[in-house]
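See below for the structure under consideration.
The values are calculated or read from the model by the stated rules, or taken from the named source; none is laboratory data. Not measured: the values here are computed from a predicted model. All Cβ positions, glycine included, derive from the backbone under ideal geometry; neighbour counts span all protein chains shown.
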Amino acid sequence: MKYIFFDLDGTLVDSSEGIETTFLHTFKLLGVPAPDKETIRTFMGPPLEVTFTNHLPKELVTKAVEIYRTYYKETGQQQTYLYPGIKELLQQLKELGYHLFITTSKNQEVSLEIAHSLGISDCFEGIYGSTPGSMHKSDIIQRVLVDHQIPKEEACIVGDTKFDIIGGKTIGIHTIAVSWGFAPLEQLKEETPDTIVDSPLALLTHLS
């Protein structure tokens, strides 16, 4: 496998503080009772549209997405940090000849800004996020495969939630779950990824 597709939130970056703050702000502005923090953690992974559709009246979904993205860009985005060892991992994989991509359900423009601000954008040949009509992980993975003419057997997805594993399995690529992100380990095991790793070093060892 020479093509590695990384999820962003919970895999490369710890964005939990900013995401939680932004969800709380969104519910407050809508005048809707906010879920507890444990429930909000389950919002980290799926597309915003899916999350809000599951937790708000239909007529509030579009407004909720707008409020969230505006506030996250202004405030939440600043509360995003690389996990320890990630920058070194990316640099070493690139030196070893791997082709790296980001595949995230986060808005594509915001994903580009985050990668640039954290100094990792140069590690990637492409940064793919959610766009209108392409927001599920399987859709985003497929875009990368098509755009870069990548054989499925040469690619793998690295992510921290069931949505990454399900997306990879749907498309038919190798799946690697990381245990340091947002999802409980037991939930990851239920999706039977091909591999589970517990540190960036373990991921490097597995890939190399």
For segment 1-85, give me every one of the helices (runs of 4 or more DSSP H) that falls completely inside it and has 2 or more residues that are among the aromatic types (Phe, Trp, Tyr). 16-30, 61-74
Please verify whether segment 131-145 includes one or more residues that are buried (at least 18 other Cβ atoms within 10 Å of the Cβ), outside any helix (DSSP H, G or I) and modelled with pLDDT of 95 or more. no
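Can you name every residue in segment 108-126 that is within 23 Å of residue 162 (Cβ to Cβ) and surrounded by fewer than 21 Cβ atoms within 10 Å (Cβ to Cβ)?
Going residue by residue through segment 108-126, those that are within 23 Å of residue 162 (Cβ to Cβ) are 108, 110-111, 114.
Listed by number, the residues that qualify are 108, 110.
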Restricting the search to segment 91-121, which residues are more than 18 Å from the chain's Cα centre (by Cα) and farther than 25 Å from residue 136 by Cα? 91, 92, 93, 94, 95, 96, 97
Within segment 108-130, the residues that are modelled with pLDDT of 95 or more, among the charged types (D, E, K, R) and in a helix (DSSP H, G or I) are 122
So residue 68 fits all but one of (1) within 19 Å of residue 130 (Cα to Cα); (2) in contact with a strand residue (DSSP E or B) (Cβ under 9 Å, 6 or more places away or on another chain); what number is the exception? (2)
Only listed residue being surrounded by 17 or more Cβ atoms within 10 Å (Cβ to Cβ) and either in contact with a Ser or Thr (Cβ under 9 Å, 6 or more places away or on another chain) or free of Cβ contacts under 8 Å to residues at least 40 places away in the same chain (or both), chosen from 11, 53, 103, 26: 11
For residue 75, indicate whether it is over 14 Å from the mean Cα position of the chain (by Cα), touching a residue at least 24 places away in the same chain (Cβ under 8 Å) and under 21 Å from residue 22 (Cα atoms). yes
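Filter segment 125-139 for residues that are farther than 19 Å from residue 178 by Cα and touching a residue at least 12 places away in the same chain (Cβ under 8 Å) and give the result.
To start, the set of residues in segment 125-139 that are farther than 19 Å from residue 178 by Cα comprises 125-136, 139.
Hits for segment 125-139 are 125, 126, 127, 128, 129, 130, 131, 135, 136.
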Per the filter on segment 60-81, residues crowded, with 18+ Cβ neighbours inside 10 Å, of a type outside the set (S, T, N, Q) and closer than 16 Å to residue 112 by Cα are 69, 72, 76
Residue in segment 175-186 that is touching a strand residue (DSSP E or B) at 6+ places or on another chain (Cβ under 6 Å) and over 20 Å from residue 16 (Cα atoms) present: yes
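One line per residue, one yes/no per condition, for (1) closer than 20 Å to residue 90 by Cα; (2) under 17 Å from the mean Cα position of the chain (by Cα); (3) not charged (D, E, K, R):
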position	(1), (2), (3)
141	yes, yes, yes
157	yes, yes, yes
174	yes, yes, yes
187	no, yes, yes
192	no, no, yes
202	yes, no, yes
